[in-house]
Amino acid sequence: MPEFFYADRLFNGLERGEPAPGMLLLAAPGMLSPEFARRVVLIVDHGLDSTLGVILNSRSEIAVHNAMPEWVDLVAAPQAMYRGGPVGATSVVGIGVTSSGVLIDDQPVLTRLANRLAQVDLRAEPQEVAPAVDSMRLFLGYAEWAPGQLEEEIERGDWFIAPALPSDVVAPAAADLWGDVMRRQAMPLPLYATFPANLDDN
């Protein structure tokens with residue numbers, strides 16, 4: 001029964017967006033993978049070779065102060081490292097919300113993802129980044145899809161694509177980011193905003 005439900009999304013008939021940097025992948029209700037159930041993934045790179053993204057709503061217990069103290073002043077509360085995905089667990093991806101009026105393309109330490117959203121070059125010194133970035137998050141690891149894999153998962157109904165907002169990246173600890181993003185989509189997606197990660201919890 002679960003596999004039939006999983007493949008038969010009510011919103012499969014909705015117009016689908018295209019994966020691109022700065023877009024969100026919103027896990028479909030009933031996602032079978034426990035790693036991605038109720039997860040929101042920000043696409044960082046999408047090309048012919050692969051697609052890379054970071055999970056926005058999986059906070060770790062590792063404090064930024066202990067792991068990368070030089071960046072702590074730029075990181076939004078809660079100042080913890082977030083789990084970006086199952087790949088490259090020792091690598092760190094920085095995503096920043098730019099200050100008002102900053103032109104991302106004019107900043108050599110930033111790579112534009114969307115309006116006021118940019119990947120931060122962590123090889124730079126924090127003082128180089130500080131004038132351009134209002135706040136940021138640091139992600140341990142990332143999610144990766146092989147060529148054509150993400151498109152197959154979207155076609156199957158595993159993911160819904162939505163534009164990202166700067167507030168999605170720096171959402172407070174108490175926020176239900178998956179539910180919040182669901183609520184701002186076209187019907188019937190808001191109806192699923194309280195869908196549990198585990199159906200046994202319903």
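For GLY157, work out the one condition from (1) in contact (Cβ under 8 Å) with a residue 40 or more places away in the chain; (2) in contact with a strand residue (DSSP E or B) (Cβ under 8 Å, 6 or more places away or on another chain); (3) surrounded by 13 or more Cβ atoms within 10 Å (Cβ to Cβ) it doesn't fulfil.
(2)
Considering only residues of the stretch 151-170 that are assigned to a helix (DSSP H, G or I) and at pLDDT below 95, which is farthest from LEU48 (Cα to Cα)? Let's see the steps before the verdict.
The first filter runs over the stretch 151-170 and keeps only residues assigned to a helix (DSSP H, G or I), leaving 151-156, 166-169.
Those still in the list that are at pLDDT below 95 too: 151-156.
Working: GLU151: 11, GLU152: 14, GLU153: 16, ILE154: 16, GLU155: 17, ARG156: 20 Å.
If we take residues in the stretch 151-170 being assigned to a helix (DSSP H, G or I) and at pLDDT below 95, then ARG156 is farthest from LEU48 (Cα to Cα).
Tell me, which strands (runs of 3 or more DSSP E) wholly within the stretch 14-57 include 1 or more residues that are in contact with a Leu (Cβ under 7 Å, 6 or more places away or on another chain), touching a residue at least 24 places away in the same chain (Cβ under 8 Å) and more than 18 Å from LEU165 (Cα to Cα)? Can you show your working first?
Details: elements: 23-27, 40-46, 51-55.
Per the criteria, 51-55.
Among the residues of the stretch 127-149, are any more than 19 Å from the chain's Cα centre (by Cα), surrounded by 18 or more Cβ atoms within 10 Å (Cβ to Cβ), of a type in the set (Gly, Ala, Ser) and assigned to a loop (DSSP other than H, G, I, E, B)?
From the stretch 127-149, those more than 19 Å from the chain's Cα centre (by Cα) are 127-132, 147-148; that's our starting set.
Checking the rest, the ones that are also surrounded by 18 or more Cβ atoms within 10 Å (Cβ to Cβ) come to 129, 132.
Filter once more, so that each one left must be of a type in the set (Gly, Ala, Ser): 132.
From what is left, the residues that are assigned to a loop (DSSP other than H, G, I, E, B) are 132.
Yes, the stretch 127-149 has at least one match.
Among (1) modelled with pLDDT of 95 or more; (2) of a type in the set (A, V, I, L, M); (3) in a loop (DSSP other than H, G, I, E, B), there is one condition ALA173 misses while meeting the rest; what is its number?
With (1) modelled with pLDDT of 95 or more; (2) of a type in the set (A, V, I, L, M); (3) in a loop (DSSP other than H, G, I, E, B) applied to ALA173, the lone miss is (1).
The values are calculated or read from the model by the stated rules, or taken from the named source; none is laboratory data. Note that the structure is a prediction, hence the values are computed from the model and not measured. As a convention, Cβ positions derive from the backbone with ideal geometry for all residues, glycine included, and neighbour counts pool all protein chains shown.
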